[in-house]
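Input: a single structure, listed below in structure tokens.
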Amino acid sequence: MDFLVKFFIKDYTNVKNPKVRARYGRLSGVTGIVLNLLLSAGKFFAGLLTGAVSVTADAVNNLSDAGSSVIGLIGFHLAGKPADEEHPFGHARIEYISSLSVAFIIVLLGLELIKSSIEKIFSPDEAAFSVLTVVVLAVSIGVKLWMYLFNRNLGKKIDSVALLATSADSLSDVMATSAVLLSSILSPVLHFSLDGYIGVAVALLILYSAYGILKETLSKLLGEAPAAETTQLLKEHLLRQEGVLSLHDVVVHSYGPGKIFATAHVEVDARVDILKSHDRIDNIEREVLTDHGINLVIHMDPIVIDDPEINALREKVKTLIKDMDDGLTMHDFRVVKGETHSNLIFDVVVPYTCSISDKEMHKHILAGVKAIDPKYYVILTIDRSYV
């Protein structure tokens, strides 16, 4: 497998490059088209000779896989197009669209195969053993198992949902063809045609494969949470930088493989010259893009850290919030002092697992702060975590 990658893909290690990703997709697509067409032709021939609908169904499945490879090939080509005026974030999400197209084709074929297989159950043909059918199916299982490993390897190398979906489809084909092979061997022995029943089983496996592809692809299109590895990498990079005291409100957007944009708020010492802090922030943004390929925008929050009264008050409010739910966190704590009262301004980040309503939370925090000192007023912003 690695031999094919090294032979056909120039600069194969640079997997973040859109052109290199397109070459990976092209290799997978061409390989899939050639092998699936050969398998489909062999099974059609065997199915016509034996009249086995399950074998013909498996041939149609391979033909659909060849069509899927064509769509994937086109999808990778379009996804590699550079950004333009109408699509400033690039075209990488087209890879997800091609995955959806493949899934819909698989669904249609699966439904058609269920229909023809049910007809075969009610009108079965006499079961006959065929050496040709057994050989063709056994070869198909071996080829599909290799394609599963091949596409999974490529998909992991470039983190491609489309190629991983293709590999999953190949694995379902291995199970489906194995069932057809079992039917071809057992039906003559049992003197009972399993053909239609196995055809239904194959069709259901095809539909299940399509469901998995649809579920994963739609999740990415809707905007799923970023990978934990990505956010952890980003947080660790920021927290080890000089001048960064803490960070919060990290948001990561993916516009397709290799197209990651992020924003983050970092807290800096209010005593440091603002131009010096700003220069540090600029350097961090450039480093993250160079080192990790993430387009990062940082919002700088200056905080007071040398006032004992404010520091003590901050810790009291933190404890108050933690007592409600251990998953709650606070940031941007500021105190604006006045003659008659002082405003305590801060944000609370609420995880989606927290069952406390915003209204209840606000009421509890207000009562707790008033218990510390009636002269304190609360200006609270409730945030939701996006990572």
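The values are calculated or read from the model by the stated rules, or taken from the named source; none is laboratory data. Worth saying up front: this structure is predicted, and the values here are computed from it rather than measured. Methodologically, a virtual Cβ is constructed for each residue, glycine included, from the backbone with ideal geometry; neighbour enumeration extends over all protein chains shown.
Scanning the range 81-95 for residues that are surrounded by 20 or more Cβ atoms within 10 Å (Cβ to Cβ) and among the aliphatic types (A, V, I, L, M), which turns out modelled with the highest pLDDT? Taking the candidates together, the pick is ILE94.
Contact map, the range 45-65: first residue outside the structural domain of ILE206 (by TED's automatic domain parsing), second residue aliphatic (A, V, I, L, M), Cβ cut-off under 8 Å, separation 6 or more or different chains; the map is empty. Of the residues making up the range 26-58, just one is under 14 Å from GLY155 (Cβ atoms) and touching an Asp or Glu at 6+ places or on another chain (Cβ under 8 Å), namely GLY32. Candidates in the range 173-207 are the residues that are touching a Pro at 6+ places or on another chain (Cβ under 7 Å) and surrounded by fewer than 24 Cβ atoms within 10 Å (Cβ to Cβ); of these, the one that is nearest to ILE106 (Cα to Cα) is GLY196. Exactly one residue out of LYS144, LYS120, LYS156 is of a type in the set (Lys, Arg), under 20 Å from LEU109 (Cβ atoms), in the same structural domain as ILE94 (by TED's automatic domain parsing) and at pLDDT 80 or above: that is LYS144. Among the residues of the range 259-316, those identified as among the acidic types (Asp, Glu) and in a strand (DSSP E or B) are GLU267, ASP269, ASP301. Quick check, is LEU37 of a type in the set (A, V, I, L, M), touching a residue at least 40 places away in the same chain (Cβ under 8 Å), surrounded by fewer than 17 Cβ atoms within 10 Å (Cβ to Cβ) and within 21 Å of LEU113 (Cα to Cα)? Judged against the criteria, LEU37 is not a match.
With respect to GLU360, determine if the residue is in a helix (DSSP H, G or I), at pLDDT 90 or above and over 22 Å from HIS265 (Cβ atoms). The answer is yes for GLU360.
Residues that are surrounded by 15 or more Cβ atoms within 10 Å (Cβ to Cβ) and modelled with pLDDT of 90 or more within the range 270-293 comprise SER277, ARG280, ILE281, ILE284, GLU285, VAL288, listed in sequence order.
The conditions of being surrounded by 21 or more Cβ atoms within 10 Å (Cβ to Cβ), at pLDDT 80 or above and under 22 Å from ALA165 (Cβ atoms) are not met by SER98. Surrounded by fewer than 19 Cβ atoms within 10 Å (Cβ to Cβ), in a strand (DSSP E or B) and outside the structural domain of LEU233 (by TED's automatic domain parsing), is that true of VAL251? No. When the criteria are applied in full, ASN343 meets the requirement of being loosely packed, with under 15 Cβ neighbours inside 10 Å and more than 42 Å from the chain's Cα centre (by Cα).
Of all residues in the range 230-273, those being of a type in the set (Gly, Ala, Ser) and closer than 23 Å to GLY327 by Cβ number 3. Of the residues making up the range 230-237, not a single one is of a type in the set (Lys, Arg) and surrounded by 17 or more Cβ atoms within 10 Å (Cβ to Cβ).
Among the residues here, HIS91 does not qualify as outside any helix (DSSP H, G or I) and free of Cβ contacts under 8 Å to residues at least 24 places away in the same chain. Among the residues in the range 4-21, are any buried (at least 22 other Cβ atoms within 10 Å of the Cβ) and polar (S, T, N, Q)? Within the range 4-21, not a single residue is buried (at least 22 other Cβ atoms within 10 Å of the Cβ) and polar (S, T, N, Q).
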